[in-house]
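Here's the structure we're looking at; comments come further down.
Nothing in this text is a laboratory measurement; each read-out follows from the coordinates by a stated rule. Just so we're clear, the structure is a prediction, and the values are computed from it rather than from any experiment. Glycine gets a Cβ as well: all are built from the backbone with ideal geometry, and neighbour counts include every protein chain shown.
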């Protein structure tokens, strides 16, 4: 973990655009939280963008009629075409997803949606804590390097028949660093940006803090004190909001005697607590509530195992999209807890800050 000082932050911050080794203007920067459920992007101008991590192998099979807005996009990487957007996607919750072609296609789509078509970018992304560190605190160097390399592989946007916007140029990743996902939220908490510049919050720098990151496939725990990760209280639980999704899908299939339910219809059911089948709306609130309750009970048990009563921690910070969806259920776990501002983007913001103020000198060297 890189040690932070005010001098280091000040040295990295400049209102002038940086130059690459060849003297050209600095490429675009972004923090990228490419999760199993949603892919989030943070940009230096303050924009925050999230898209569902939803794609499937193969062409879209859609022809766009007249001026209909395109909502499915195709991308080609390493000999395979992926359809991204409003599709019934293939599952993302498999071990190789962070270095898969599907991941690259979804990330490329997120960068296209962020208006970066044709640009070269510097990126910091993450891995779950358990995928980044071994139990003894050693980094999993091969996994980290594999993810660094994967995102640099070319992904080409594919023109689709009848699409109104079909001339996108690929976004190329020139520099890619990988950090632990929940630790990224610590950088977001620690590095404070304002109109007056960038500073470190001195009180937060040394104070013991726990980050609980409730994501799609995993829930991550990181305890940091004096700029050190306490590995005995840090790690990953393979449970998250996708477990709720899977349980609700199974419940709907059983209740209505269906062979399957499309992902788009399922996502709508999770948000509205209603599912439309055979031209009728059906209330599935009980299924959603039961699935959330089961996840919350599992998360509570693991959180107590990792953090105990949290009495020696100054703060327990909840981040991740699950912290939004489960906010009423986790509200009173600790007297010193807090849900981060816009918690779903805490990791992406922290990744951008890490790129800008910790490792951009390395990025300039390519």
Problem set entry | R0 of 56 Å, Cβ-Cβ distance residue 45-residue 254: FRET efficiency to nearest 0.05 | 0.75
For this session: Rank by packing, highest mean first: peptides 298-309, 317-328, with packing defined as the count of other Cβ atoms within 10 Å averaged across residues.
Result: 317-328, 298-309
Exercise. On full extension of the chain, what length is gained from residue 174 through residue 201, given 0.36 nm per residue of separation minus the C-alpha to C-alpha distance?
Worked result: 6.6 nm
Seminar exercise, completed: Gyration tensor on Cα atoms of the stretch 314-356, a ≥ b ≥ c root eigenvalues, a/c under 1.5 rounded, else prolate if a/b beats b/c, else oblate, says oblate
Problem set entry | Highest-fluctuation residue, 121, 171, 192 considered, GNM on the chain with Cα pairs under 10 Å | 192
For this session: Rounded to the nearest 500, what is the 222 nm mean residue ellipticity of the chain from helices alone, with -39500 (n - 2.57) per DSSP H run of 4+ residues and division by all residues?
Result: -10000 deg cm²/dmol
Problem set entry | Alpha-carbon centroid distance for the pair the stretch 264-301 / the stretch 102-151, whole angstrom | 31 Å
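Would you mind telling me the antiparallel percentage of the DSSP bridges in the chain, rounded to 5?
70 percent
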Seminar exercise, completed: Contour minus Cα-Cα span, residue 290 to residue 136, at 0.36 nm per residue, comes to 51.8 nm
Exercise. For residue 264 and residue 238 in one chain, what is 0.36 nm times their gap in residues minus the Cα-Cα distance, to one decimal in nm?
Worked result: 7.0 nm
For this session: Taking the Cβ of each residue in 220, 88 as the centre, tally the other Cβ atoms inside 10 Å and list the residues starting with the fewest.
Result: 88, 220
Problem set entry | Proxy reagent accessibility, fewest Cβ within 10 Å first, across 82, 189, 97 | 97, 189, 82
Problem set entry | Backbone N under 16 Å from the residue 312 label point (7 Å along Cα→Cβ), restricted to the stretch 197-239 | 207-211, 222-234
Seminar exercise, completed: For Cα extents along the principal axes in Å the list reads (1) 62, 54, 38; (2) 58, 54, 38; (3) 56, 45, 40; the calculated value is entry (1)
For this session: Would you mind computing, in nm to one decimal, how far apart the modelled labels at residue 342 and residue 152 are, each placed 7 Å from Cα along Cα→Cβ?
Result: 3.0 nm
For this session: Highest first, please rank the peptides 277-284, 123-130, 341-348 by the mean number of other Cβ atoms sitting within 10 Å of their residues.
Result: 123-130, 341-348, 277-284
For this session: Describe numerically, in nm with one decimal, the distance between label points set 7 Å from Cα along Cα→Cβ at residue 273 and at residue 71.
Result: 2.5 nm
